[in-house]
Amino acid sequence: MIKTYLKTLWRMFEKHVTRLLSLIFMVLVSVGFVSGIGSSTDKINYSMTDYYKAQTVSDFIIKSKAENGFTDEDTERIKKLFDGATVNTGNSLDIKVGEKRSVRYYFLDFDEWTVNVPDVMEGGVDDPNLRIYAERADNVIKGTSVGDKITLDFKDILVKLSEQNGTELDANTLSLLSRLTPVEVTVGGIVQSPLTFANDGEPSYNNDVENMPDTTTGTEDMDCLENVFYISRTLIPTLKSVVPQLPDAMDRPFIGIGDIYVALEDRGQFSAFGWRYKNVIEKGEAEIAAALGDVEVITLYDNYSFKSLKSYSDKVAGIGYILMVVFLLVTALVVLSTMTRLLEEERSQIACLRTLGYSSTDIISKYLLFALIATGIGGAGAYFVGLGLAHLIYYVFNYSFYMPPVSAHVAVVFYIISFTLIVAATLVATVISGYKLTGERPATLLRPKPPRAGKKVILERIGVIWNRLSFKYKSTMRNVLRYKSRFIMTVFSVAVSTALVMAGLGLLDMCLFQDFGSAAIIGIAAVIVVFAGLLTAIVIYTLTNINISERNREIATLMVLGYYDREVTGYIYREVFINSAIGIVFGYPLSAFLIYMVFRTMGFGTIGGISWFMWLIAPVVVLLFTGLVALILRRKIVKINMNESLKAIE
């Protein structure tokens, strides 16, 4: 009996190899897309956290509001307040060079540069008197090259500083400043600061978190840094050698302490702006205010680069959650239809096994094995598809950010959720359908399932339309509407697939033609269109293939009656295209709803703002895939063995 059982198992796999492959690719595309979109968010968050730790990014930048800056005692007070924290000091100054542009100068002790450690991308000099680094060029920052000469006009810098602090300079001080000779220094290296890695411009720090610039609509409405320079404070004593009488009140901000950079000891608290980190920062801000009085405290919640990358990451996650439901719903429905109809086709085999004494559990386990092998192979491939997709999305983000190295952390949450749901849906569908069939008497199962009784379809009641149809179209419409559950499932699957394609096209349109979003979002939109198209092709192929397999006798009968190949294929194709067309019609309202959800998650775009031609591209894509499937399955239709098909019941 075991030998017989194994033979039937092997024959089932041979007979339904096409259906097996359809299930594999369905799971591969669906789970691969969902896990790829979801895990890319986790990869971004893990990588951001690793970068924060590796570069010892400051949790607090404390800026003095006093004219003379901080004292050494203030620095020691901060070190005691945050025991174990890494603390650096320095000075910074923004000088306007246009209405919405400025240049930032950092004056630091390079030998003690242990907080906000930059990536030295090029160059590096040893002479401390020539130490100046420039921020790398991006879409806004102009940047410089190693070896370029930069003239530092400290007269202008000091005047700007006095204006910034609200200090009015007297005639004597202005006279002294006029004797300052500009200092020419050489750019010794190009660096990437861990605080300014957004490629589309880095606005000046804004301590009003509630009014942070919109991270999805570009930088045209905010003050952006045109250049950033890091200057060794060893340059500053040259000023005293030029003008010994320079007032302490003027040079103190440069040779003293204007900024304190604090990196907390427990770096694990950050975790891409986790809930615990927010509490730590709020508490720290209150303690700093109590210890130092009236100061400005800048945290990573005020940093455009970190906040915008986190914002985009959250938006991708939101898209992932929305599309996970849609992709998995379509996949579950098609898998349910596939396994249910597979069991119906195997009625005679089930009857034979029941007659030989096999239990319902033994029989069902054969089909469970079929389903598990299909979903298992598809799921294994989906893991690597998702991994590759996550790395692709991460790479696309480089167009908007200087992305840190990809984290080695394994991100499998979305993969596990999506794959588990698919497996559960497949097994439940197989068990329910299996027990329903095995509960029938073997004699009943050996007889072919009686065809559904013919009834008037709704179009027959509309004489104006029905009377104008030719015989072949009347026959087609009866077949389309005869099996309502199959018709509804096919139409619904095509409708949802159309909505997925339209959602990707709508998002792509907002980015490319309506100037919303960024390069990163364009990449996400393109991925959605591609995978939605693939899912559409597999759905149509799977449902059409099942339809053909179930109607072998009907097709063979047409061939025996003398129908030509084009007439037989047209008989099937008309139904396929009608189902697809109806699915597309119902897909439009679903598209509007899905686009609304995606735009709401992204924070930009409206349904009315989508270009009119995008609404025409989606159905064209679906119909093209339908036509491609029709061409692929033509051989299967015309090569049906008439004798075997007509004798199958015997």
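The values are calculated or read from the model by the stated rules, or taken from the named source; none is laboratory data. Computed from a predicted model, the values in this text were never measured in an experiment. Using ideal geometry, Cβ is built from the backbone for each residue, glycine included, and neighbour counts are taken over all protein chains shown. Calculation scope for accessible area: heavy atoms of the full protein, side chains included, ligands and nucleic acids excluded. Shrake-Rupley method; radii C 1.70, N 1.55, O 1.52, S 1.80 Å.
Taking the stated definitions as given, is M403 open to solvent by less than 70 Å² (accessible area, probe 1.4 Å) and either touching a Leu at 6+ places or on another chain (Cβ under 8 Å) or not hydrophobic (A, V, I, L, M, F, W, C) (or both)?
Values: open to solvent by less than 70 Å² (accessible area, probe 1.4 Å): yes; either touching a Leu at 6+ places or on another chain (Cβ under 8 Å) or not hydrophobic (A, V, I, L, M, F, W, C) (or both): no.
No, not satisfied.
Return the residues of the stretch 285-301 that are in contact (Cβ under 8 Å) with a residue 60 or more places away in the chain and more than 18 Å from Q55 (Cα to Cα); say none if nothing qualifies. Let's see the steps before the verdict.
We begin by selecting, within the stretch 285-301, every residue in contact (Cβ under 8 Å) with a residue 60 or more places away in the chain; these are 285, 287-288, 291-292, 294-301.
Across the stretch 285-301, the qualifying residues are E285, E287, I288, A291, L292, D294, V295, E296, V297.
Under the condition of being open to solvent by 40 Å² or more (accessible area, probe 1.4 Å), under 43 Å from the mean Cα position of the chain (by Cα) and modelled with pLDDT under 90, the residues counted in the stretch 228-265 number 0. Would you mention how many residues in the stretch 12-42 are open to solvent by 20 Å² or more (accessible area, probe 1.4 Å), in contact with a helix residue (DSSP H, G or I) (Cβ under 6 Å, 6 or more places away or on another chain) and within 30 Å of F270 (Cβ to Cβ)? The number of residues fulfilling the criteria is 0. Cβ separations smaller than 7 Å between residues 6+ apart or across chains give the following pairs from the stretch 269-284 residues that are within 13 Å of F306 (Cα to Cα) to residues that are open to solvent by less than 30 Å² (accessible area, probe 1.4 Å): F270/T49; F270/Y52; F270/Y277; S271/T49; S271/Y277; A272/N45; A272/M48; A272/T49.
Look at the stretch 101-116: where a residue is touching a residue at least 24 places away in the same chain (Cβ under 8 Å) and a partner is basic (K, R) and part of a loop (DSSP other than H, G, I, E, B), sitting 6+ places away or on another chain with Cβ atoms under 6 Å, you get F110/R131.
On the basis of being surrounded by 15 or more Cβ atoms within 10 Å (Cβ to Cβ) and under 41 Å from the mean Cα position of the chain (by Cα), does F513 make the cut? It is false that F513 is surrounded by 15 or more Cβ atoms within 10 Å (Cβ to Cβ) and under 41 Å from the mean Cα position of the chain (by Cα).
A408 falls short on exactly one of the conditions (1) open to solvent by 20 Å² or more (accessible area, probe 1.4 Å); (2) of a type in the set (A, V, I, L, M, F, W, C); (3) over 16 Å from the mean Cα position of the chain (by Cα); (4) closer than 19 Å to Y321 by Cα, and that condition is (4).
Within the stretch 492-510, identify whether any single residue is under 30 Å from S400 (Cα atoms) and open to solvent by 20 Å² or more (accessible area, probe 1.4 Å), and answer yes or no. Yes, there is a match, as at least one residue in the stretch 492-510 is under 30 Å from S400 (Cα atoms) and open to solvent by 20 Å² or more (accessible area, probe 1.4 Å). Which one is farthest from S308 (Cα to Cα), of the residues in the stretch 516-536 that are open to solvent by 20 Å² or more (accessible area, probe 1.4 Å) and assigned to a helix (DSSP H, G or I)? Result: L534.
Residues in the stretch 312-327 that are touching a helix residue (DSSP H, G or I) at 6+ places or on another chain (Cβ under 6 Å), under 18 Å from F492 (Cα atoms) and surrounded by fewer than 21 Cβ atoms within 10 Å (Cβ to Cβ): I322 only.
Could we say that V57 is open to solvent by 10 Å² or more (accessible area, probe 1.4 Å) and closer than 30 Å to Y312 by Cβ here?
Details: open to solvent by 10 Å² or more (accessible area, probe 1.4 Å): no; closer than 30 Å to Y312 by Cβ: yes.
Answer is no for this residue.
If I ask for residues that are closer than 16 Å to F154 by Cβ and at pLDDT 85 or above, which ones from the stretch 106-131 would you list? The one that is closer than 16 Å to F154 by Cβ and at pLDDT 85 or above: Y106. Just one of the numbered conditions (1) modelled with pLDDT of 90 or more; (2) over 30 Å from Q349 (Cα atoms); (3) in a helix (DSSP H, G or I) is not true of G38: (1). Filter the stretch 358-379 for residues that are at pLDDT 80 or above and not in a helix (DSSP H, G or I) and give the result. Hit for the stretch 358-379 is S359, nothing else. The number of residues in the stretch 455-483 that are open to solvent by less than 80 Å² (accessible area, probe 1.4 Å) and either more than 21 Å from G570 (Cβ to Cβ) or aromatic (F, W, Y) (or both) comes to 5.
Kindly establish whether I607 is crowded, with 16+ Cβ neighbours inside 10 Å and touching a residue at least 24 places away in the same chain (Cβ under 8 Å). No, not satisfied. For the stretch 426-441, taking the residues that are open to solvent by 40 Å² or more (accessible area, probe 1.4 Å) and part of a helix (DSSP H, G or I), the one that is nearest to M26 (Cα to Cα) is identified as L427.
Note on the stretch 349-363: residues that are open to solvent by 10 Å² or more (accessible area, probe 1.4 Å) and closer than 10 Å to L437 by Cβ amount to 2. Would you call V560 surrounded by fewer than 17 Cβ atoms within 10 Å (Cβ to Cβ) and without any contact (Cβ under 8 Å) to a residue 40 or more places away in the chain? It is false that V560 is surrounded by fewer than 17 Cβ atoms within 10 Å (Cβ to Cβ) and without any contact (Cβ under 8 Å) to a residue 40 or more places away in the chain. For the stretch 70-128, filtering for residues that are within 37 Å of the chain's Cα centre (by Cα), of a type in the set (G, A, S), assigned to a loop (DSSP other than H, G, I, E, B) and within 28 Å of K283 (Cα to Cα) leaves 1.
Kindly check whether there is at least one residue in the stretch 412-423 that is under 30 Å from A519 (Cβ atoms), within 25 Å of the chain's Cα centre (by Cα) and not in a helix (DSSP H, G or I). Yes, that holds for at least one residue.
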